[in-house]
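The structure appears below as structure tokens.
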Amino acid sequence: MRDYAATGAPPESLSVGNSSDVVMARQLVRTLAQRTGLSLVHQTKLVTAASELGRNMLIHGGGGIVRAATVDDAGRTGVYVEFEDRGPGIADIELALTDGWTSGDGMGLGLSGARRLVDEFGIESGPDGTTVRIVKWGR
Amino acid sequence: MPVATDSNTQRLVETLTARRDVFVGQWADTVGEALQGRLSAAELGRELGELYEAVLQGLASGGLSGRGEAFGEVRSLLIELSRNRARQGFTPTETARSVFALKEVLEPSLTGDAEGARVYLQLARLLDDLGLLTAEAYVRTREEIISSQAEQLLELSTPVVKLWDGVVGVPLVGTLDSARTQVVMEKLLQTLVDSDSTHAIIDITGVPTVDTQVAQHLLKTVLAARMMGAQCTISGIRPQIAQTIVALGIEFGDVPTIASLSDALRQAVKEVAQEADDDVRGLL
Ligand SMILES: Nc1ncnc2c1ncn2[C@@H]1O[C@H](COP(=O)(O)OP(=O)(O)OP(=O)(O)O)[C@@H](O)[C@H]1O
Ligand SMILES: [Mg+2]
């Protein structure tokens, strides 16, 4: 995945420390998606992915920062969102991305589902934390 | 903190006792003026009179520390006062001033000589402490009021209505978090019982995002309704939500999902009629 954080408009950021922050993050992403002119279906998919990743960051990563920005690439416009936490990290990313796998009592569909909902998906994780980056492109 | 000597409190107690009526009267006037008649003079007089008496008792039993044992009665009166003020919509400043005003009243009478000034300072410290206590109690009450309002709002925003004979509807609006789900579930089950209904329709037209958490909560609600023997349908799944749910990988299993609330209602009404028919047939 390209380093979109370096391109495009400077990101808007929001720190997530409780569940109402997740709602705020969702609203931030929705606003950007609307401004970018994403179709209703794409908006909904992106916002839902952001909801999953924001909540993962809160529940599994102990909170973190969401950054979102509009990005351009080869004539198309999209929305880039980054979720960075300083939590324990994901020991086995492959496993975490398996449908139905959860270390808690969730459905285990958040991470894998979010990947299916967006166009680009990158994940880095280590003992110092986890960063997930996603992009949803407009037409 | 300097420990109050007996002579300190003695002088105070004497002065406060001797001029009780004058001081209470002035105190009530000062406070009444600040509250601009929003509290009746009689009520204020009674309230502050009681408080004055309790402060006097506290001082007499040898204390100048507001958090000490001698001032237990004062503290409970103050908490009561703050709670009332908070409920009546007075500001925290107005509330704390009810206590601080006593300083203004006593200052001219006590600070005539050096000994009196020293006593006054100690009393002032006590009253400052009691003023803070008032503010704390005020804030606590406001918090209670706010959280109970939030609860009421939650209740109001999750209406459960009887749509038809035997059919209950739950039009959800907004986010479905754990607290909300709990309220919805309890209200749904209660309404099912109260209205003797066998069908429930949960409408999610007003839910902007259906993610794994919302889905899990929906399924939990459906399960609860089923355990009461009710049939449950989820309606109001807009096309973009349907596509998103599929991509996420969420399956509602054997829970029927119907696009519009009216279709879901039509279906439920038909089933209720069918059941009634079956019941009659069973009796024959
Ligand atoms: N930011 C993170 N930090 C640490 N672990 C994570 C993080 N995100 C995900 N995980 C791990 O990956 C697992 C799978 O995540 P996923 O979102 O798919 O499921 P879930 O959060 O358990 O349940 P849900 O379906 O409700 O989202 C989690 O159970 C958790 O162990
Ligand atoms: Mg998750």
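The values are calculated or read from the model by the stated rules, or taken from the named source; none is laboratory data. Quick caveat, the model's predicted, so the values are computed rather than measured. Glycine gets a Cβ as well: all are built from the backbone with ideal geometry, and neighbour counts include every protein chain shown. Quick note on the areas: whole protein, heavy atoms, side chains included, nothing else; ligands and nucleic acids left out. Shrake-Rupley method; radii C 1.70, N 1.55, O 1.52, S 1.80 Å.
Regarding segment A:2-57, what whole-number volume in Å³ per residue does the convex hull of its Cα atoms give?
Dividing the Cα hull volume of segment A:2-57 by its residue count gives 95 Å³.
Can you run phi through the Karplus equation (6.51, -1.76, 1.60; θ = phi - 60°) for segment B:166-180 and list ³J(HN,Hα) in whole Hz, with x for Gly and Pro?
After applying 6.51 cos²θ - 1.76 cosθ + 1.60, I find x, 10, 10, x, 10, x, 7, 10, x, 8, 10, 9, 4, 4, 5 Hz.
For helix B:114-156, what angle does its Cα long axis make with the longest principal axis of chain B, in degrees from 0 to 90 and rounded to 10?
That helix lies at roughly 10 degrees to the long axis.
What does the structure give for A:106-119 when I average, per residue, the other chain Cβ atoms found within 10 Å of the residue Cβ?
If you average over the peptide's residues, the count of other-chain Cβ atoms is 4.
In degrees between 0 and 90, to the nearest 10, how far off the longest principal axis of chain B does helix B:41-60 point, with axes built from Cα atoms?
Between helix and principal axis, roughly 60 degrees.
Report, in listed order, any pair from B:Lys187/B:Lys220; B:Lys220/B:Lys270; B:Lys187/B:Lys270 with a Cα-Cα distance greater than 18 Å. Let's see the in-between values first.
Numbers: B:Lys187/B:Lys220 14 Å; B:Lys220/B:Lys270 26 Å; B:Lys187/B:Lys270 24 Å.
Result: B:Lys220/B:Lys270; B:Lys187/B:Lys270 exceed 18 Å.
Please compute the average number of Cβ atoms from other chains found within 10 Å of each residue's Cβ in peptide B:202-214. Don't skip to the answer; put the middle values down first.
On the way: counts 0, 0, 0, 0, 0, 0, 8, 9, 3, 16, 14, 9, 2.
Rounded to a whole number, the mean comes out at 5.
Treating only the Cα positions of segment B:170-284 as identical point scatterers, give the base-10 log of I(q)/I(0) from the Debye formula at each q in 0.09, 0.12, 0.13 Å⁻¹.
-0.25, -0.44, -0.51
Could you give the semi-axes, largest first, of the ellipsoid that matches segment B:119-170, computed as the square roots of 5 times the alpha carbon gyration tensor eigenvalues and rounded to whole Å? Write down the numbers at each step before the final one.
Values: eigenvalues 526, 7, 3 Å².
Largest first, segment B:119-170 gives 51, 6, 4 Å.
Once you wrap a convex hull around the alpha carbon atoms of segment A:12-137, what is its projected area averaged over all directions, in nm²? The partial results should precede the final answer.
Values: hull surface 28.6 nm².
Mean projected area of the Cα convex hull: 7.1 nm².
Take segment B:6-151, compute every pairwise Cα distance, and split them into 10 Å bins from 0; I just need the percent in each bin.
Spelled out bin by bin, segment B:6-151 gives 12, 42, 33, 11, 2, 0 percent.
Averaged over every viewing direction, what's the projected area of the C-alpha convex hull for segment A:77-139? Give it in nm², one decimal, please. Display every interim value, and only then the final one.
Numbers: hull surface 17.6 nm².
Average of the hull's projected areas for segment A:77-139 equals 4.4 nm².
Principal axis lengths of segment B:58-133 from Cα atoms, whole Å, largest first?
42, 26, 14
Calculate the radius of gyration of the Cα atoms of the protein assembly as shown to one decimal place, then report Dmax, the largest Cα-Cα distance, as a whole number, both in Å.
Calculated on Cα positions, Rg and Dmax stand at 31.9, 103 Å.
Taking only Cα atoms of chain B, what ratio of Rg to Rh do you get with Rh as the Kirkwood inverse-distance radius? Show your work: numbers first, answer last.
Numbers: Rg = 31.7 Å, Rh = 23.9 Å.
In chain B, Rg relative to Rh is 1.32.
Ranked highest first by the average count of other Cβ atoms within 10 Å around their residues, in what order do B:160-166, B:101-107, A:12-18 fall? Could you put the intermediate results ahead of the total?
Numbers: B:160-166: 17.3, B:101-107: 19.6, A:12-18: 14.7.
Most protected by this proxy first, the peptides run B:101-107, B:160-166, A:12-18.
Quote the FRET efficiency, to the nearest 0.05, computed for A:Arg76 versus A:Thr31 with a Förster distance R0 of 22 Å and r equal to the Cβ-Cβ distance. Kindly include the intermediate steps, with their values, before the conclusion.
On the way: r = 20 Å, r/R0 = 0.89.
Efficiency, rounded to the nearest 0.05: 0.65.
May I ask you to derive the FRET efficiency for A:Asp105 and B:Leu284 from their Cβ-Cβ distance with R0 = 35 Å, giving the value to the nearest 0.05? Walk me through the numbers on the way to the answer.
On the way: r = 49 Å, r/R0 = 1.41.
In this case the efficiency is close to 0.10.
State, in square angstrom and to the nearest 100, the accessible area buried between chains B and A, both chains counted, probe radius 1.4 Å. Provide the component values of the computation, followed by the final result.
Working: alone 15210 and 7190 Å², together 20790 Å².
What B and A bury together is about 1600 Å².
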